[in-house]
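Enquirer: Okay, here's the structure, questions in a sec.
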Amino acid sequence: MTVIRTRVAIVGAGPAGLLLSHLLADAGIASVVVDSRTREQIETTIRAGILEQGTVDLLVASGASTRVLSDGNRHDGIELRFDGEGHRIDFPALTGRSVWLYPQHEVLKDLVATRLAAGQDLRFGVRVDAVADVASDRPRVIGEDADGQRVEIEAEFVVGADGSRSIVRQTLGGSAAGTFREYPFAWFGILCEAPPSSEELIYSNSDAGFALISQRSSTVQRMYFQCDPEADPDVLSEVQIWDALQARVPGTTLNEGPIFQRDVLRFRSFVAGELRRGRVALIGDAAHTVPPTGAKGMNLAVADVVLLDIALRALLLSGDERPIDAFAETASRRIWKAQHFSWWMTSMLHRTPDASDFDRRRQLGELRSIIDSDAGRTYLAEAYTGWPFETRLA
């Protein structure tokens, strides 16, 4: 067995794990990051990415990414479409902030390159089986490397950033100990070769159901429409897909093109029962998942990282345990705010299978209340562009 000793063992080379290693390194705290995937898998799995203003500011200020400004697209608003009309929510006018369209896999390319250039111990293809000695001051990560050799990482702290199917979470009670909600619908998503249909994202509530018209680049677009969670993405023809999308954005003509990727994205809200036990903590999707409607997933992971970085600096550099003791409670405040906003956007824009005429009319009344109210539009803009990061842990 190969035994590795470090200060912080991070399981998961996603945005949360890599950014945490980056921030810790700035304080002189060594870490080892492991992931079961290959580098190619991490960097080429295409995922959406709407980055809040605070996330972009942190990536740039910390030196984690500069491409987010040169290659990302700043969006100063979104369009809420219902009753066949579009209503723009102007983010800078309401909050002074914006968001950036920059896919998650591009963030990961930046973080992987930055960490490897800095000499980060980043190990791909390592399957973690368990975390041992959680109650001690030297917890251990146990697994197997890409060559089939057993490996053990002994650290002063272990961080589970290993996604929604987290192995580290099993140490803290597993999924059964958490709170979750399933939704009775999913998103049918496509990537297509076409010019943008809109300069900004369109969130459309229609009689036919929900649609989101998004972008990836000047030639590739990402679009979604509401579907049954059990839908087979390969059943519909391209003509049927375009008809379904167009029916959900009345008043907007979509630019159509060849579809080269299609999938069904299920909706689930989840918060782990414990975010920290002893010298183990969870961040990112290992700790919580949200529906994608509110664009909170990766941004919420970054907020976790900001807090845990502060707590680990205090613990490992000064022996101060108060911030790590306050980590879970402080992180939970933003987590549940994000859960509420994601649920609110989802329930306001989607039609449930058992929705009555009253439900439909009430939903339209809610949308009308938002766009007719400065306070309503400001709340949506504040939550969408991101609340300020919490930095007080005591």
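The values are calculated or read from the model by the stated rules, or taken from the named source; none is laboratory data. Keep in mind that what you see is a predicted model, and the values were worked out from it rather than measured. With ideal geometry, Cβ positions are generated from the backbone for all residues, glycine too; neighbour counts draw on all protein chains shown. Areas reflect the complete protein model, heavy atoms only, side chains present, ligands, DNA and RNA absent. Shrake-Rupley method; radii C 1.70, N 1.55, O 1.52, S 1.80 Å.
Enquirer: Compare the Cα positions of Val239, Pro250, Met298 along the charge dipole of segment 216-363 (+1 at Cβ of Lys, Arg; -1 at Cβ of Asp, Glu; about the Cα centre) and return the one farthest towards the positive end.
Expert: The one lying farthest along the dipole's positive direction is Met298.
Enquirer: Given contacts defined as C-alpha pairs under 8 Å and at least six residues apart, what's the relative contact order of segment 1-88, whole-number percent?
Expert: Relative contact order comes out at 20 percent.
Enquirer: If I take every Cα pair under 8 Å that is 6 or more residues apart in the chain, average their sequence separation and divide by the length, what percent do I get for the relative contact order?
Expert: The normalised contact order for the chain reaches 20 percent.
Enquirer: What number comes out for accessible area per residue over segment 205-343 if the probe is 1.4 Å? Units Å², please. Can you show the working numbers first?
Expert: Working: 5360 Å² over 139 residues.
For segment 205-343, the solvent-accessible area averages 39 Å² per residue.
Enquirer: Sum -39500 (n - 2.57) across every DSSP H segment of at least 4 residues in the chain, then divide by the residue count to get the 222 nm mean residue ellipticity, nearest 500.
Expert: -11000 deg cm²/dmol
Enquirer: Carbon and sulfur together cover what percent of the accessible area of segment 27-154 at a 1.4 Å probe radius? Could you put the intermediate results ahead of the total?
Expert: On the way: 2450 of 5480 Å².
On segment 27-154, the fraction of accessible area on carbon and sulfur atoms equals 45 percent.
Enquirer: Ok, one more. If DNA, RNA and ligands are ignored and the probe is 1.4 Å, what is the ranking of Ser218, Ser347 by accessible area, most exposed first?
Expert: Ranked from most to least accessible, the order is Ser218, Ser347.
Enquirer: What helices does the chain have that are whole DSSP H segments, at least 18 Å long along their own axis by Cα, and with mean Kyte-Doolittle hydropathy of 1.6 or more?
Expert: Answer set is 297-318.
Enquirer: Carbon and sulfur together cover what percent of the accessible area of segment 179-284 at a 1.4 Å probe radius?
Expert: Working: 2190 of 4450 Å².
For segment 179-284, the apolar C and S fraction of the accessible surface comes to 49 percent.
Enquirer: Roughly speaking, what is the stretch gain from Thr2 to Gln149, that is 0.36 nm per residue apart minus the C-alpha to C-alpha distance, in nm to one decimal?
Expert: Gain in length upon complete extension: 52.2 nm.
Enquirer: With all protein chains present, calculate the accessible area of Ser369 using a 1.4 Å probe and round the result to the nearest 10 Å².
Expert: Its heavy atoms expose roughly 70 Å² to the probe.
Enquirer: Quick one: Debye curve from the alpha-carbon atoms of the chain only, equal weights, vacuum; give me log10 I(q)/I(0) at q = 0.09 Å⁻¹ to two decimals.
Expert: -0.54
Enquirer: Moving on to the next point. Could you run the Karplus curve 6.51 cos²θ - 1.76 cosθ + 1.60 with θ = phi - 60° over segment 73-90 and give me ³J(HN,Hα) per residue in whole Hz, x for Gly and Pro?
Expert: Working through the residues one at a time gives 10, 6, 10, 9, x, 10, 10, 9, 10, 7, 6, x, 10, x, 9, 7, 9, 8 Hz.
Enquirer: Of all the C-alpha pairs in segment 212-348, what % are more than 18 Å from each other?
Expert: Numbers: 6030 of 9316 pairs.
Result: 65 percent of Cα pairs exceed 18 Å.
Enquirer: Return one whole number: the accessible area per residue of segment 93-177 in Å², for a 1.4 Å probe.
Expert: It amounts to 40 Å² per residue over segment 93-177.
Enquirer: Using only alpha carbon pairs under 8 Å that are at least six residues apart, calculate the relative contact order of segment 1-43 and give it in whole percent. Before the final figure, lay out each step's value.
Expert: Numbers: 42 pairs, mean separation 18.9, N = 43.
With pairs under 8 Å counted, the relative contact order is 44 percent.
Enquirer: Between the alpha-carbon centers of segment 49-93 and segment 299-337, tell me the distance in whole angstrom.
Expert: Going from one Cα centre to the other spans 25 Å.
Enquirer: Now for a different question. Given a Förster distance of 22 angstrom, what is the FRET efficiency for Arg181 paired with Glu43, based on the Cβ-Cβ distance and rounded to 0.05? List each step's numbers first, then the result.
Expert: On the way: r = 32 Å, r/R0 = 1.44.
For Arg181 and Glu43, the calculated efficiency is 0.10.
Enquirer: Return the FRET efficiency for the residue pair Arg138, Glu274: r is the Cβ-Cβ distance, R0 is 25 Å, and the value is rounded to the nearest 0.05.
Expert: Between Arg138 and Glu274 the formula returns 0.80.
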